[in-house]
Amino acid sequence: MRSRLAGTLIGVVFGITLCWSGMSNPTVIREALLFERAYLFLMFASAVLVAVIGLQTLRRRRARALLTGAPLTWTRDQPGRRHVTGSALFGLGWGIADACPGPIAAQIGQGVPWALFTIAGVLAGVYLFLRQGAAESEPAADATPEAMTVAYRPLLAPRA
Amino acid sequence: MLDHQLAWYVAGPVLGLCVVVCRALFNGRLGVTGGYSEVVAQLVRGSVRFDWRGWFLIGIVVGGMLFAVLGGGAGVGGYGWLTGTFHGVLGQVVIAAVLLVAGVLIGFGAKTAGGCTSGNGLTGTSMLSPASLVATATFFGAAIIVSFVIEAVI
């Protein structure tokens with residue numbers, strides 16, 4: 001229950017930030033993908049930098065999840081063919097619609113009528129995937145049959 | 001205030017912190033495609049008992065609503081290169097069809113790859129997952145190539 005509430009609130013912050021940074025505006029995305037503006041790449045890089053530092057810090061402190069008490073564990077996948085083929089299809093759709101799943105949801109909230117068609121397609125695409133591969137359940141990138149999971153070692157591990 | 005694009009050095013760290021907070025609170029792997037997946041999987045079963053990922057997706061929609069209500073603009077009007085290229089009633093049908101097909105590619109492709117711009121691009125990359133690094137390089141590359149092809153054709 002508390003995880004759901006927290007998830008919703010994180011979603012609200014995420015959605016407002018996507019709108020405020022222009023990510024729900026297809027023209028902004030297109031300008032980025034045509035290398036006309038560096039904004040998206042700078043934003044993306046700073047987001048990853050902050051998340052890397054944050055996750056490493058959690059790891060080093062051997063922290064437990066604040067709401068559930070679960071140990072903070074995660075695994076890393078080795079790249080497989082599906083990461084390339086899936087991402088190629090995804091990138092193709094992203095470059096055409098100039099919106100990816102997060103901004104599409106934000107556009108729905110903002111009242112962009114065209115987003116109704118995009119989101120209908122996304123839901124259909126997800127449904128098609130779930131139907132053909134019922135064995136492959138979530139979380140797909142965390143545990144998959146063909147993915148060889150490697151133990152996570154912090155980059156900035158303190159010397160023993 | 002909301003009608004000015006938020007500085008990248010504010011927007012980026014906020015998105016990055018969302019990834020960290022998801023992990024810190026309930027060991028969650030932030031990813032929007034996971035939200036769509038949860039919603040579809042539950043609805044197919046006739047259930048609306050979504051887990052946090054489904055609620056995260058709903059939160060994003062609410063965030064978009066709040067942004068519009070608080071004066072950030074509804075974002076209505078044209079839709080990028082599509083409404084700039086296709087006009088009239090027939091044009092609108094073309095745009096709807098193009099967005100629908102693009103949406104299917106986005107949903108099916110992101111599920112196949114185990115994540116989209118958030119799940120692989122932000123979270124997986126931040127976990128230094130080799131699979132996510134490959135996925136991120138691939139979808140950025142594909143989207144950039146497609147954009148330049150469209151630019152050359154229209």
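The values are calculated or read from the model by the stated rules, or taken from the named source; none is laboratory data. Source: prediction; values computed, not measured. Here the Cβ is made from the backbone with ideal geometry for all residues, glycine too, and neighbour counts use every protein chain on show.
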Log entry, pairs with first residue in the stretch B:123-137 being closer than 14 Å to A:A88 by Cβ, second being among the acidic types (D, E) and surrounded by fewer than 24 Cβ atoms within 10 Å (Cβ to Cβ), beta carbons closer than 6 Å, six or more apart or on different chains, reads none
Note: among B:T112, B:T85, B:T117, just one is free of Cβ contacts under 8 Å to residues at least 12 places away in the same chain, closer than 25 Å to A:L92 by Cα and of a type in the set (S, T, Y), namely B:T112
Screening B:A110, B:A102 for residues that are under 11 Å from A:S87 (Cα atoms), of a type in the set (A, V, I, L, M) and under 16 Å from the mean Cα position of the chain (by Cα) leaves only B:A110
In contact with a Ser or Thr (Cβ under 8 Å, 6 or more places away or on another chain), facing chain A (nearest Cβ under 7 Å) and not small (G, A, S), is that true of B:I144? no
- Answer yes if at least one residue in the stretch A:92-113 is surrounded by fewer than 24 Cβ atoms within 10 Å (Cβ to Cβ), of a type outside the set (S, T, N, Q), in contact with an Asp or Glu (Cβ under 8 Å, 6 or more places away or on another chain) and farther than 30 Å from B:V69 by Cβ, and no otherwise. no
| said: Can you say whether A:A45 is within 16 Å of the chain's Cα centre (by Cα) and in a loop (DSSP other than H, G, I, E, B), as far as the supplied structure shows? | reply: no
Of (1) surrounded by fewer than 19 Cβ atoms within 10 Å (Cβ to Cβ); (2) at pLDDT 95 or above, B:G16 satisfies every one except (1)
Answer yes or no: is there a residue in the stretch A:92-103 that is facing chain B (nearest Cβ under 7 Å), over 18 Å from the mean Cα position of the chain (by Cα), part of a helix (DSSP H, G or I) and at pLDDT 95 or above. yes
Filter the stretch B:80-111 for residues that are buried (at least 17 other Cβ atoms within 10 Å of the Cβ) and of a type in the set (V, I, T); the one that is farthest from B:Y36 (Cα to Cα) is B:I95
Picked from the stretch A:10-25 (must be part of a helix (DSSP H, G or I) and closer than 18 Å to A:F41 by Cβ), the residue nearest to the chain's Cα centre (by Cα) is A:L18
Within the stretch B:85-119, of all residues that are out of contact with any helix residue (DSSP H, G or I) (no Cβ under 9 Å at 6 or more places or on another chain) and of a type outside the set (A, V, I, L, M, F, W, C), the one farthest from B:G31 (Cα to Cα) is B:G88
Restricted to the stretch A:63-81 and to residues being among the β-branched types (V, I, T) and under 20 Å from B:P130 (Cα atoms), the residue nearest to the chain's Cα centre (by Cα) is A:T75
Expected single match for of a type in the set (D, E, K, R), surrounded by 18 or more Cβ atoms within 10 Å (Cβ to Cβ) and at pLDDT 90 or above among A:R37, A:R30, A:R59, A:R76 is A:R30
Going through the stretch A:114-131 in order, the residues found to be more than 7 Å from chain B (Cβ to nearest Cβ) and surrounded by fewer than 20 Cβ atoms within 10 Å (Cβ to Cβ) are A:L116, A:R131
Among B:L133, B:L122, the single one that is in a helix (DSSP H, G or I), more than 7 Å from every other protein chain (Cβ to nearest Cβ), modelled with pLDDT of 95 or more and in contact with a helix residue (DSSP H, G or I) (Cβ under 9 Å, 6 or more places away or on another chain) is B:L133
